[in-house]
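These notes are about the structure you will find just below.
The values are calculated or read from the model by the stated rules, or taken from the named source; none is laboratory data. If you're wondering where the values come from, they're calculated on a predicted model, not measured in any experiment. Note: ideal-geometry Cβ built from the backbone for every residue, glycine included; neighbour counts use all protein chains shown.
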There are 2 protein chains.
Amino acid sequence: MNIDMITAAADRLHGTARVTPLLSSPALDALAGRRVLVKPECLQRTGSFKFRGAYNALAAMPAEKRAKGVLAYSSGNHAQGIAHSAQLFGVPAVIIMPADAPQLKIEGTRSYGAEVVLYDRGRESREEIGDRLAKERGLTLVKPYDEPQVIAGQGTCGLEIADQAQAMGVTEAEVLVCCGGGGLTAGIALALQDRAPGFTPRPVEPIGYDDTARSLKSGQRERNTSEAGGLCDAILPPTPGELTFPILQTLCGSGITVTDHDAMRAMALAFQHLKVVAEPGGAVALAGALFDPTIQSDTVICTISGGNVDPQIFAQALTRM
Amino acid sequence: MNIDMITAAADRLHGTARVTPLLSSPALDALAGRRVLVKPECLQRTGSFKFRGAYNALAAMPAEKRAKGVLAYSSGNHAQGIAHSAQLFGVPAVIIMPADAPQLKIEGTRSYGAEVVLYDRGRESREEIGDRLAKERGLTLVKPYDEPQVIAGQGTCGLEIADQAQAMGVTEAEVLVCCGGGGLTAGIALALQDRAPGFTPRPVEPIGYDDTARSLKSGQRERNTSEAGGLCDAILPPTPGELTFPILQTLCGSGITVTDHDAMRAMALAFQHLKVVAEPGGAVALAGALFDPTIQSDTVICTISGGNVDPQIFAQALTRM
């Protein structure tokens, strides 16, 4: 993994992925006691940053291989990224999703023309189902984070953060990134190392699913005790990625954990002051930026990594205003 | 009014106003049966396009005049645009708001440091209150739409629409604009006339407050019977502006009216597919783009003019999904 893979990804995504703006609000600055800049990847195609990595992985694949179709496991955002990318390339996509994924994400994935195969997280193995389908149909698996071209695609978000924040005069900042398997965090970290060495990436996770924060502390990949049931469905991996963790270990500051309540408050504040829709897992970095006591820098930058949230959950978050 | 005033406004706003993106979603295209491009001015500073005109008006004012302070009448979006612009220039702002304006807009205006004077729409005259305060304190009134520098500022949104849509290969389109007094519509119309002559602007209003549509039909400025009580509080003027109406008459296609129900559905669809927050009055153009039977063009472009909506109303809109 290196910066050249990320700039190559930026070339592949140019004109296809959206360049999301960098938002701010005096009210959020006042609340945090520092300048807060927000990268709303919920405005990316398919409603999350995952489109970047998914599209780049498909674009980088040999055409004959891609033509046979692609396969992904995902609770929803990577699913939609792969489904929409496959649709744009005109190739088949099969997505294996947990039956308890948010309804909006299941419908969203189907709306991009993908075949959705639901499985029971408790009783079935998505790997077994995936292996069988891949063999039967010649599909290529695109992993959600432990895949170099996916990490490179997510890194394009870091290139934009570096350019946009530096154009605003920012030279030093903590950059808080919503962290599941670590693909976005690793990609952003690699981009910032090259383009904005005064920016320090820090992963943010929900309490109870803080495998990355604990792993950064212990120096080895720790596991979460549960993979399901959390409010922040987008970022509940079993453990940091094999490829992503060494990158995080080298380039990131310490991890931050936030409560579900603070994630919901951050959703309400993004509604009120930024006018964007954040899903719970997509709001943890903003929650960290606003409420975490360990932040030191005058400017804090954070991602809103996705906005694919069922309306009932969103309405519930609005009651936290 | 001419294009040079709009390009001068763009220079004044450069680096201060946000260049909002042009969003789209395959689901909205499918629903409309044509390509739908959305200009989310809810992402503009202060949560609506009004910041463009307000900031331009203050920037264009002689410094000594501006230093004494500014005054505005507004139900909320122009209020916040003026309040934040005055804050950025470090000058006082007094905003006269109806006591029944959305709570979020009153609080938002105060949060930008403005003095808010509430009045009773039924029993008091905002003009009398304003005249008295202006005389006492030497404040300059900045009207919400019948003011050339305000129209020029709103026109910068039209320059961006022309550039962004043409970069996507669009050469012909109906451009639907949420229309109150007509400042945004007139500004966009003037910009498009110069930069994208294949684009036809059309004002969109809520049923019951369709003064502009009726005026375009009759050829004279018609009045609304009520100025209050509508869901779409942002766009309930008494009648089209003196300055704006002749521009609309020359440059716009026929007006479109939408129901409150369709405005609420458009809010829910913007939540689901674009991940942005639209207020009712800000969603009427998207409602028109999706549901109006008179649209002919292969591509329809629409503004989401603002996102300053109380959470209770927004939660109610989400039940329309």
Response to the item:
Of the residues in region A:93-150 that are away from chain B (no Cβ under 14 Å) and among the basic types (Lys, Arg), the one that is nearest to A:Leu13 (Cα to Cα) is A:Lys143
Worksheet item: Are any of the residues in region A:309-321 away from every other protein chain (no Cβ under 14 Å) and crowded, with 23+ Cβ neighbours inside 10 Å?
Response: no
Item to complete: Only residues that are outside any helix (DSSP H, G or I) and away from chain A (no Cβ under 14 Å): list them for region B:1-35, please.
Response: B:Met1, B:Asn2, B:Gly33, B:Arg34, B:Arg35
Worksheet item: Quick check: is even one residue across region A:252-265 outside any strand (DSSP E or B) and within 14 Å of B:Lys275 (Cβ to Cβ)?
Response: no
Worksheet item: How many residues are of a type in the set (Ser, Thr, Tyr) and either touching a Ser or Thr at 6+ places or on another chain (Cβ under 6 Å) or under 15 Å from A:Ala17 (Cβ atoms) (or both) if we restrict to region A:68-99?
Response: 1
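If the requirement is being crowded, with 24+ Cβ neighbours inside 10 Å, assigned to a helix (DSSP H, G or I) and either assigned by TED's automatic domain parsing to the domain that holds B:Thr257 or not hydroxyl-bearing (Ser, Thr, Tyr) (or both), which of these qualifies: B:Ala268, B:Ala285? Write out each step before concluding.
Working: B:Ala268 fails: crowded, with 24+ Cβ neighbours inside 10 Å.
Exactly one of B:Ala268, B:Ala285 is crowded, with 24+ Cβ neighbours inside 10 Å, assigned to a helix (DSSP H, G or I) and either assigned by TED's automatic domain parsing to the domain that holds B:Thr257 or not hydroxyl-bearing (Ser, Thr, Tyr) (or both), namely B:Ala285.
If a residue counts only when it is small (Gly, Ala, Ser) and touching a residue at least 60 places away in the same chain (Cβ under 8 Å), which strands (runs of 3 or more DSSP E) contained entirely in region A:109-220 have at least 1 such residues? Full working, then the answer.
Details: elements: A:115-119, A:173-178, A:199-206.
Once the strands (runs of 3 or more DSSP E) in region A:109-220 are filtered for at least 1 residues that are small (Gly, Ala, Ser) and touching a residue at least 60 places away in the same chain (Cβ under 8 Å), what remains is A:173-178.
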Worksheet entry | Residues located in region A:229-251, provided they are assigned to a loop (DSSP other than H, G, I, E, B) and either of a type in the set (Asp, Glu) or over 23 Å from A:Thr46 (Cα atoms) (or both) | A:Gly229, A:Pro238, A:Thr239, A:Pro240, A:Gly241, A:Glu242, A:Leu243
Practice prompt. Check A:Ala278 against each of (1) part of a loop (DSSP other than H, G, I, E, B); (2) away from every other protein chain (no Cβ under 14 Å) and name the one condition it does not meet.
Written response: (2)
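Quick one: which of B:Phe271, B:Phe245 is within 14 Å of chain A (Cβ to nearest Cβ) and of a type in the set (Phe, Trp, Tyr)?
Numbers: B:Phe245 fails: within 14 Å of chain A (Cβ to nearest Cβ).
Testing whether each residue is within 14 Å of chain A (Cβ to nearest Cβ) and of a type in the set (Phe, Trp, Tyr) leaves just B:Phe271.
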Worksheet item: Does A:Arg52 count as in contact with a Cys (Cβ under 9 Å, 6 or more places away or on another chain) and more than 17 Å from A:Ala278 (Cβ to Cβ)?
Response: yes
Response to the item:
Residues in region A:67-92 that are crowded, with 19+ Cβ neighbours inside 10 Å, within 14 Å of another protein chain (Cβ to nearest Cβ) and either touching a residue at least 60 places away in the same chain (Cβ under 8 Å) or not in a helix (DSSP H, G or I) (or both) total 3
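If I go through region A:144-171 residue by residue, how many of them are out of contact with any Asp or Glu (no Cβ under 7 Å at 6 or more places or on another chain) and surrounded by fewer than 20 Cβ atoms within 10 Å (Cβ to Cβ)? Please lay out each step first, then the result.
The first filter runs over region A:144-171 and keeps only residues out of contact with any Asp or Glu (no Cβ under 7 Å at 6 or more places or on another chain), leaving A:144-145, A:147-156, A:158-171.
Going one step further and asking which of them are surrounded by fewer than 20 Cβ atoms within 10 Å (Cβ to Cβ), we end up with A:148, A:163-164, A:166-169, A:171.
Result for region A:144-171: 8.
Condition check ((1) assigned by TED's automatic domain parsing to the domain that holds A:Lys135; (2) modelled with pLDDT of 95 or more; (3) in contact with a Pro (Cβ under 7 Å, 6 or more places away or on another chain)) across all residues:
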position: A:Leu31; (1), (2), (3): no, yes, no
position: A:Lys39; (1), (2), (3): no, yes, no
position: A:Asn56; (1), (2), (3): yes, yes, no
position: A:Met61; (1), (2), (3): yes, yes, no
position: A:Lys65; (1), (2), (3): yes, yes, no
position: A:Asn77; (1), (2), (3): yes, no, no
position: A:Ala83; (1), (2), (3): yes, yes, no
position: A:Val91; (1), (2), (3): yes, yes, no
position: A:Ala101; (1), (2), (3): yes, no, no
